[in-house]
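Written out below as structure tokens is the structure these notes cover.
Bear in mind that the values in this text are calculations on the coordinates, not laboratory data. For clarity, every value in this text was computed on a predicted model and none was experimentally measured. Cβ atoms come from the backbone with ideal geometry, glycine included; neighbour counts cover every protein chain shown.
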Amino acid sequence: MKIKKGMMSVMDQLFMNCEQTTYYAIKELDQEKINPKERIKYKTHLFYCTHCKRFYQQSKTIDKIIKATPEDLENMSHKKIKLDNKTKEKIVKEVRKKINHNNL
Amino acid sequence: MLNPEKWIEKHGDYLYAYVRYKVPSNEIAEDIVQETFLSALSSIKNFRDKSSERTWLVAILKRRIIDYYRKQAKNKERNITSYRLPFKQKGENKGHWLENRAPASWEPDAEINLDHFHQVLQLCLKMLSPKQRLVFIMKILDESPNENICKEAGISIANLWTIMHRSRLQVRECLEKKAYKK
């Protein structure tokens, strides 16, 4: 929904401005419970404000990438991330050392 | 008796892929994988097949990642953040996005080059103060409970949300500038 600038200020007085909306939007993204009144206000703002909507969507994309598991990464980029053999050998050596040292 | 070769062969690549893009470099990721195996070894007697071995190792790995950022937050690194919020601070449109800093449209997910995106993400995380970075990672990556984050970072709950708000605005804007703007 597109709204003209002047009209947006009026709407913001009724609901919330962009600074407040982004504050509540991130709380919800981070699984924090928010008061239903504030929830309605920020959701309404998201409905008419393209920039805040983008902020919300893009923050979700960033989260998805930060949280990505190896399976997600493979689906996203179609490539497998692997340890090189030298590093594997080094880790095996360290693990073996600890096993011997601790009599495991 | 545990066979180290088989153990690392079975889980090494998976753990490395999990951590690689969550820390700044290959070397740090490799160290964290090694620490994870060593730490798992110390508590192997406590591991009873309640969850799968991999789930157990990933939980340890996640703690190691948080530890990495916790150590960074303890370093007395100079605070380089002088970030100004991207909203008008006075006048009729107070609280609106500043025109030249409002979110632009990004390309669809499918076109993201992950390697590039992660390199830029790490650069952008560096722009946060170490404490901000710890809070940001604990909240997003680990979904840690608020009390734990506040305790680790020595902040109040109100402060937690101010930090998250600022950090998310700052990281998003930085990513847009460095990864998306042509």
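Observations on the structure shown:
- Candidates B:Glu30, B:Glu152, B:Glu107: whichever shows maximal mean-square fluctuation once chain B is modelled as a Gaussian network with Cα springs under 10 Å: B:Glu107
- Global size of chain B: 19.4, 72 Å for Rg and Dmax (C-alpha atoms, Rg to one decimal, Dmax whole).
- Cα-based helix-to-principal-axis angle, B:130-140 vs chain B, degrees rounded to 10: 70 degrees
- Within chain A, no helix built from a complete DSSP H run reaches 30 Å or longer along its own axis (Cα positions) while carrying a mean Kyte-Doolittle hydropathy of 0.0 or higher.
- Between the residues A:Gln58, A:Asn100, A:Ser77, the greatest Cα displacement towards the positive end of the dipole of the protein assembly as shown, with unit charges on the Cβ of Lys, Arg, Asp and Glu, is found for A:Gln58.
- Think of each Lys and Arg Cβ as +1 and each Asp and Glu Cβ as -1; about the Cα centre, that makes the dipole of chain A roughly 320 debye.
- Segment B:118-134 and segment A:54-101 have Cα centres spaced 18 Å apart.
- Cβ crowding within 10 Å averaged over residues, with B:166-174, A:9-17, A:31-39 ranked highest first: B:166-174, A:9-17, A:31-39
- Solution diffusion estimate, µm²/s, Stokes-Einstein, segment A:28-104, Kirkwood Rh from C-alpha pairs, 4 °C, viscosity 1.567 mPa s: 76 µm²/s
- The Cys residues in the protein assembly as shown with no partner Cys Cβ within less than 4.7 Å of their Cβ are A:Cys18, B:Cys150.
- Check: chain B dipole with +1 on Lys, Arg Cβ and -1 on Asp, Glu Cβ, in debye: 900 debye
- Per residue, chain A reaches -24000 deg cm²/dmol at 222 nm when only DSSP H runs of four or more residues are counted, each adding -39500 (n - 2.57).
- When chain A is treated as a Gaussian network with alpha carbon springs shorter than 10 Å, the biggest mean-square fluctuation among A:Ile66, A:Ile40, A:Ile91 belongs to A:Ile91.
- Using a Gaussian network model of chain B in which every pair of alpha carbons under 10 angstrom is joined by a spring, one finds that among B:Lys88, B:Lys139, B:Lys74 the greatest mean-square fluctuation is at B:Lys88.
- Globularity index of the protein assembly as shown, i.e. its alpha-carbon radius of gyration over 2.2 N^0.38 Å: 1.15
- Once C-alpha pairs closer than 8 Å and six or more residues apart are averaged by separation and normalised to the residue number of chain A, the relative contact order reads 24 percent.
- Placing unit charges on the Cβ atoms only, positive for Lys and Arg and negative for Asp and Glu, gives the protein assembly as shown a dipole magnitude near 660 debye about its Cα centre.
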